[in-house]
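Here's the structure, in C-alpha cells; my notes come after.
The values are calculated or read from the model by the stated rules, or taken from the named source; none is laboratory data. What you see is a predicted model; the values in this text were computed from it and never measured. Here the Cβ positions follow ideal geometry from the backbone for every residue, glycine too, while neighbour counts run over all protein chains shown.
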C-alpha cells in the first residue's frame, strides 16, 4: 500500500475585508470564537506544518502555527498561494481561507489525496472552482511566477497550464452534504448566515 503523502496547510489571511467594512476577518467572532480559530481546529489534525500567510493575524494562535508575511501584502490570493508554497515544508499544500468557519477535516483530506498525481486538485461546484479549498504543489510555482509577471492575479487562470484535477461535487457532498465547508465570510450577509447556522447547530 502506498503511504499517505505528507502535506502542509496554508491559511490565507491577507485580505482587507473591504466588503465587511475593513474588518479583520480572521478575528471576527462567531458563537464567541474567532474565525481563524475555527479554521485551525479543522486543519490541525491534517498536518504538522501549518502556515498562516498574510498580516491579518499579528500573533500565532498556537505555538505550532507559523506566521508568514505575504510577499506583497493585500495583493491577491495568487500571491498568497505563491508565498505559502515557497514557505511550506512539503511539496504539497492544502490552501484555505481564514474566513471559512465550517471547514471539514475529512473533505480537506479528500482534496489532499486527490492531488496525488496532479499539480492541483480543486473542487468544482457547478461552473465554479473552489480555489481556496484546494491543493497545490510546488511544481505550480513557475506558472504562478509567469502569471504574476503579466499581472494575471486569478488563481483559476493557472489551472489550464498545470496538471489540474477537478474534484466532482458529488464526491465532496458525500462528506459534506450541504457543502458548508466551502462557505466563507465576505459580506455582512455572509456573516449573518454563518451566525444563524452556528446558532441552529448549537
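Of all the criteria given as (1) closer than 15 Å to residue 94 by Cα; (2) touching a strand residue (DSSP E or B) at 6+ places or on another chain (Cβ under 9 Å), the one not satisfied by residue 141 is (2). Among the residues of the stretch 188-202, those identified as in contact (Cβ under 8 Å) with a residue 40 or more places away in the chain and either part of a helix (DSSP H, G or I) or surrounded by 14 or more Cβ atoms within 10 Å (Cβ to Cβ) (or both) are 188, 191, 194, 195, 197, 198, 199.
Out of the helices (runs of 4 or more DSSP H) lying entirely within the stretch 13-123, which hold 2 or more residues that are out of contact with any strand residue (DSSP E or B) (no Cβ under 8 Å at 6 or more places or on another chain), closer than 21 Å to residue 171 by Cα and modelled with pLDDT of 95 or more? Let's see the steps before the verdict.
On the way: elements: 35-43, 77-87, 105-114.
Hits in the stretch 13-123: 105-114.
When the residues of the stretch 159-180 are filtered to those that are out of contact with any strand residue (DSSP E or B) (no Cβ under 7 Å at 6 or more places or on another chain) and assigned to a helix (DSSP H, G or I), the one that is nearest to residue 129 (Cα to Cα) is 160.
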